[in-house]
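One structure below.
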């Protein structure tokens, strides 16, 4: 029985400003969903709210995994239940080695009851595994010894996100513009990497502006978000159409949401 | 870590054992003056709001030892008259300096108002050395070791392979007495002077046990040496002295640590470290200060480096109630180099203060200082750094940086770098940051299943890692990492 991530009437505010105004979505393990929308529509807000960022206050609705409500959970508890966010802007943690960081993460995810100071996954086993994943992603194994994202190029950071996803094997992965700011080679690596990793065990939500990621990972569902609401749902053809023609017709079909979106964009520009 | 960008977090998080919050009492980021050729006179003023100056006129009875105490102390000593005469001269200087104000630049942030010297006496009792714990003693093979307990040298040994080369290592007083001609010109004459201030004079009058290392020209002492200074009895005043002389083309490593056997005993250490590095010589010196939190620690520490010599000096501050270290690095000879590393972890109500000076006196000299401080609870750290470049010291490269990480809003950190440059063809860079743990780093780690507390600990360790990476001695890096974990409350943590 595959797992289900269910988002029901989700309302999220940032610094007391409502951003998401009732988002509904269901993602099953094994499915690929695309989330598309213009600037200010709430795409990244949904990503952060799913991951449990404390600045993204859930003011209504719920997030459930297999019927269990995770709305109130801390980010680390959600991660241990199988939630993963590939960051648009991965964070640098100086002085903390990639291998050390991922080894702690893997230990916690595979042994969700682990407390700090308790045993980590065996070194030999871990090394073998991370080396294999890095080779698959075309990464220099030396990266394991470097400090997390410290001095990494944009492409290296995004690859590091995919590596973490490969190691943590989440049930649900949200990719927040993982392909943005990359040259075409890096986009290809990330796209192929994701294609290799996604499968019956992973439900994926791809937030993207690019075709490439979706070409390699064709979505079964495309959700269009505008003004903090999902206004349309379609298949891969809808994603293709939006890439080709933009959001003008969507705005026409949903004038109220479009007005909300315009306000949010204006506020963000101030 | 202390940038102004990034989101601020509003949500209340559950209280942690290691509490922190995201208000900060003080934040500054003095940017680098890197790369540029500088001709700066007078010294640059750091961009910070000055404290109202604290009074540094201190009641003499409360900070000093009387003439009676001095005579009583002398009566317990068995030593040659030249040493006693030097003590008397220092004591006279001490009495004189007690009447003078301490340098406000150095001491105005160091609160000595509750310091009461009358509570402490040089120890005359038998000490209890049975329960001394050390961080470094059993970590590696040493070429020799020495132990001072409550101001008395209780143990010393050194391998014959080392002494066979003419190396002297052991109790300072004994070796000074036996080798007056060789050592007198160095002892309290070149690196630290008794008349520097009342603490150096106090030390010069009352110095008790000490560690001496003398390495003759061209001798390479490849095994490190170990020195331990311990307090066991309540109310002990110790005046330990460390004198290291590494002659031209010689090489040595000394690891020194301080410890208290009883967490509740009060103590006073008025210490002195003198490091003399000859031409083309290399000295690596580590002092790991790990007193209990009822110990006062005052020290004058100075290193003199001759032409082409190199000094790698690591200062670790973990313990003490209040500590103030005056650290001077003097680059006396052409192309002398010094690397200074500082690791400080203050907790509870500890106050840890450094006054560091990198003094470039000759052409082509290089100094590089990196201090890292972590503060938790209600602790306070003060770092006042200065790079001084004499007119003769052209083509100097001086660097100093202090980074502080504050884990609680009740901590306070003052980091004040400074430059005083009289040459016109130099490269001097300085900087200081103080900030709190970046919430985005915590969230990133949490999103990978790492708990908030574990993430905090990783970030703190990572913060120190940047200075560990500069410490060339593996056992010191490992010991520091373990000790910091202990202070963070991590029982065991495997590091890749």
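The numbers here are math on the coordinates, done by the rules we state, and not lab data. Just so you know, these numbers come straight off a predicted model, no measurement behind them. Using ideal geometry, Cβ is built from the backbone for each residue, glycine included, and neighbour counts are taken over all protein chains shown.
Looking only at strands (runs of 3 or more DSSP E) that lie completely in the range A:4-70, which have at least 3 residues being in contact with a strand residue (DSSP E or B) (Cβ under 7 Å, 6 or more places away or on another chain) and over 23 Å from residue A:197 (Cα atoms)? Even if it seems obvious, please write down each step before you answer.
Numbers: elements: A:4-14, A:17-28, A:32-36, A:56-65.
Per the criteria, A:4-14, A:17-28, A:56-65.
Check whether at least one residue in the range A:84-95 is under 18 Å from residue A:206 (Cα atoms), in a helix (DSSP H, G or I), at the interface with another protein chain (Cβ under 7 Å from one of its Cβ atoms) and within 14 Å of the chain's Cα centre (by Cα), and report yes or no. So that I can check it myself, show each step before the final result.
In the first step, residues of the range A:84-95 are kept if they are under 18 Å from residue A:206 (Cα atoms); the result is A:84-90.
Those left that are additionally in a helix (DSSP H, G or I): none.
No.
Touching a strand residue (DSSP E or B) at 6+ places or on another chain (Cβ under 8 Å), over 22 Å from residue B:73 (Cβ atoms) and buried (at least 20 other Cβ atoms within 10 Å of the Cβ): is that true of residue B:170 in this structure? Before the answer, list the steps.
Numbers: touching a strand residue (DSSP E or B) at 6+ places or on another chain (Cβ under 8 Å): yes; over 22 Å from residue B:73 (Cβ atoms): yes; buried (at least 20 other Cβ atoms within 10 Å of the Cβ): yes.
The answer is yes for residue B:170.
What are the residues in the range B:391-447 that are under 20 Å from the mean Cα position of the chain (by Cα) and without any contact (Cβ under 8 Å) to a residue 40 or more places away in the chain, if any?
Result: B:399, B:401, B:404.
Which of the residues that make up the range A:107-126 are facing another protein chain (nearest Cβ under 8 Å), within 17 Å of residue A:79 (Cβ to Cβ) and outside any loop (DSSP other than H, G, I, E, B)?
Across the range A:107-126, the qualifying residues are A:108, A:109.
If only one of B:430, B:457 is away from chain A (no Cβ under 13 Å) and outside any loop (DSSP other than H, G, I, E, B), which one is it? Before the answer, list the steps.
On the way: B:457 fails: away from chain A (no Cβ under 13 Å).
Criteria check complete, one pass: B:430.
How about the range A:57-79: which of its residues are farther than 30 Å from residue B:469 by Cβ, surrounded by 23 or more Cβ atoms within 10 Å (Cβ to Cβ) and at the interface with another protein chain (Cβ under 10 Å from one of its Cβ atoms)?
Initially, the range A:57-79 is screened for residues farther than 30 Å from residue B:469 by Cβ, giving A:57-74, A:77-78.
Keeping just the survivors that are surrounded by 23 or more Cβ atoms within 10 Å (Cβ to Cβ) gives A:63, A:78.
Scanning the range A:57-79 gives a single hit, A:78.
For the range B:70-101, what are the residues that are closer than 18 Å to residue B:198 by Cα and not in a helix (DSSP H, G or I)?
B:99, B:100, B:101
Scan the range A:135-143 and give yes if some residue there is under 28 Å from residue A:189 (Cβ atoms), part of a loop (DSSP other than H, G, I, E, B), more than 8 Å from every other protein chain (Cβ to nearest Cβ) and without any contact (Cβ under 8 Å) to a residue 40 or more places away in the chain, otherwise no. Please lay out each step first, then the result.
Pass one, the range A:135-143, residues under 28 Å from residue A:189 (Cβ atoms): A:135-143.
Restricting the remaining residues to those that are part of a loop (DSSP other than H, G, I, E, B) gives A:137-140.
Okay, now just the ones that are also more than 8 Å from every other protein chain (Cβ to nearest Cβ), so A:137-140.
Next cut, without any contact (Cβ under 8 Å) to a residue 40 or more places away in the chain only: A:139-140.
Yes; the residues of the range A:135-143 include at least one that is under 28 Å from residue A:189 (Cβ atoms), part of a loop (DSSP other than H, G, I, E, B), more than 8 Å from every other protein chain (Cβ to nearest Cβ) and without any contact (Cβ under 8 Å) to a residue 40 or more places away in the chain.
Out of B:177, B:208, which single residue is in a loop (DSSP other than H, G, I, E, B) and in contact (Cβ under 8 Å) with a residue 60 or more places away in the chain? First the steps, then the outcome.
Values: B:177 fails: in a loop (DSSP other than H, G, I, E, B).
Selected residue: B:208, the only one of B:177, B:208 that is in a loop (DSSP other than H, G, I, E, B) and in contact (Cβ under 8 Å) with a residue 60 or more places away in the chain.
Among the residues of the range B:410-424, write down those that are part of a loop (DSSP other than H, G, I, E, B) and within 13 Å of residue B:380 (Cβ to Cβ).
Narrowing the range B:410-424 to residues part of a loop (DSSP other than H, G, I, E, B): B:410-411, B:417-418, B:422-424.
Selection gives B:410, B:411.
Please count how many residues of the range B:138-158 are surrounded by 17 or more Cβ atoms within 10 Å (Cβ to Cβ) and touching a residue at least 60 places away in the same chain (Cβ under 8 Å).
Matching residues across the range B:138-158 total 12.
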